[in-house]
Amino acid sequence: GAVVSQHPSRVICKSGTSVKIECRSLDFQATTMFWYRQFPKQSLMLMATSNEGSKATYEQGVEKDKFLINHASLTLSTLTVTSAHPEDSSFYICSASAGVSNQPQHFGDGTRLSIL
Amino acid sequence: LAKTTQPISMDSYEGQEVNITCSHNNIATNDYITWYQQFPSQGPRFIIQGYKTKVTNEVASLFIPADRKSSTLSLPRVSLSDTAVYYCLVGGFTGGGNKLTFGTGTQLKVEL
């Protein structure tokens, strides 16, 4: 149980392109989903928290117009990197939580984004 | 959010028990302690979670003292495939979900 699917696993695209990443909770309802970014040999950095049906809460320093997050249902959240540039290249990981204190977050397998 | 401190790296050999300790001095009353394992280019995988005392599952044990200011993840009889980064996190339901902050993690290297 508690499977989170993230798609695509890898994206390579040209600078200026917008890229959408999907995160789905397959066997539970995720009231909250989180988006992280991870650079090589570094820890995960929380970018934003999204609750179903409401606007995402972004961490300090994360541009909300650059990283658009939509959480339209209890099983799907999307992250769109708009007008991506090489410095946006990174490993993006989502996680989902049922929103209950004793239920842990479950993570997707990440999306490797490479901007040429 | 509670800050966690854990060793940057640990080395072990196959078949040994590995204990990774994490300190979290400012843990809050409603915080749970959760450990994740991460392999390169994969998302973190849930290992174990606890609130107090001891928790055991099929892959690990988690020891939490009464003051909850630290916790120890115990991996019995490690194998080469246990080489990974292990993260200790504390967090609780805040109404907006279980917001977690990842620390540096512990790079465990298991050798023959």
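The values are calculated or read from the model by the stated rules, or taken from the named source; none is laboratory data. Small disclaimer: the values here were computed from a predicted structure and weren't measured. Here Cβ is always computed from backbone atoms with ideal geometry, including for glycine, and neighbour counts include all displayed protein chains. Heavy atoms of the whole protein, side chains included, go into the accessibility calculation; ligands, DNA and RNA do not. Shrake-Rupley method; radii C 1.70, N 1.55, O 1.52, S 1.80 Å.
Residues of the range B:48-63 that are among the hydrophobic types (A, V, I, L, M, F, W, C) and either farther than 22 Å from B:Asn25 by Cα or more than 14 Å from every other protein chain (Cβ to nearest Cβ) (or both): B:Val59, B:Ala60, B:Phe63. All of (1) modelled with pLDDT under 95; (2) surrounded by 15 or more Cβ atoms within 10 Å (Cβ to Cβ); (3) touching a strand residue (DSSP E or B) at 6+ places or on another chain (Cβ under 8 Å); (4) polar (S, T, N, Q) hold for B:Ser61 with one exception: (1). Filtering the range A:1-24 to residues that are out of contact with any helix residue (DSSP H, G or I) (no Cβ under 7 Å at 6 or more places or on another chain), within 26 Å of A:Gln60 (Cα to Cα) and small (Gly, Ala, Ser) leaves A:Gly16, A:Ser18.
The numbered conditions (1) surrounded by fewer than 18 Cβ atoms within 10 Å (Cβ to Cβ); (2) of a type outside the set (Phe, Trp, Tyr); (3) more than 14 Å from chain A (Cβ to nearest Cβ); (4) part of a loop (DSSP other than H, G, I, E, B) are all true for B:Arg68 except (1). Can you pull out every residue in the range A:27-51 that is touching a residue at least 24 places away in the same chain (Cβ under 8 Å) and either of a type in the set (D, E, K, R) or away from chain B (no Cβ under 14 Å) (or both)? If the condition is that a residue be touching a residue at least 24 places away in the same chain (Cβ under 8 Å) and either of a type in the set (D, E, K, R) or away from chain B (no Cβ under 14 Å) (or both), then A:Asp27, A:Arg37 are the ones that fit. The lone criterion from (1) touching a residue at least 12 places away in the same chain (Cβ under 8 Å); (2) within 14 Å of chain A (Cβ to nearest Cβ); (3) in a strand (DSSP E or B) left unmet by B:Met10 is number (2). Only one entry in A:Thr57, A:Thr75 is away from chain B (no Cβ under 14 Å), β-branched (Val, Ile, Thr) and open to solvent by 10 Å² or more (accessible area, probe 1.4 Å), namely A:Thr75.
Taking the criterion of being among the charged types (D, E, K, R) and farther than 19 Å from A:Tyr36 by Cα, the residues of the range B:1-60 that qualify are B:Asp11, B:Glu14, B:Glu17, B:Asp31, B:Lys52, B:Lys54, B:Glu58.
Considering each residue of the range A:1-37, count those that are part of a strand (DSSP E or B) and open to solvent by 60 Å² or more (accessible area, probe 1.4 Å), and give that number. Final tally of qualifying residues: 5. Any residue at all in the range B:77-98 that's part of a strand (DSSP E or B), within 14 Å of chain A (Cβ to nearest Cβ) and open to solvent by 20 Å² or more (accessible area, probe 1.4 Å)? So far as the range B:77-98 goes, yes, one or more of its residues are part of a strand (DSSP E or B), within 14 Å of chain A (Cβ to nearest Cβ) and open to solvent by 20 Å² or more (accessible area, probe 1.4 Å).
Within the range B:13-23, restricting attention to residues that are more than 10 Å from B:Leu73 (Cα to Cα) and assigned to a strand (DSSP E or B), which residue is most open to solvent (accessible area, probe 1.4 Å)?
The residue in question is B:Tyr13.
Every condition in (1) open to solvent by 30 Å² or more (accessible area, probe 1.4 Å); (2) within 9 Å of another protein chain (Cβ to nearest Cβ); (3) at positive phi is met by A:Gly110 except one, and the failing one is (1).
Can you name every residue in the range B:24-53 that is part of a strand (DSSP E or B), surrounded by 15 or more Cβ atoms within 10 Å (Cβ to Cβ) and of a type in the set (Ser, Thr, Tyr)? Of everything in the range B:24-53, those that are part of a strand (DSSP E or B), surrounded by 15 or more Cβ atoms within 10 Å (Cβ to Cβ) and of a type in the set (Ser, Thr, Tyr) turn out to be B:Tyr32, B:Thr34, B:Tyr36.
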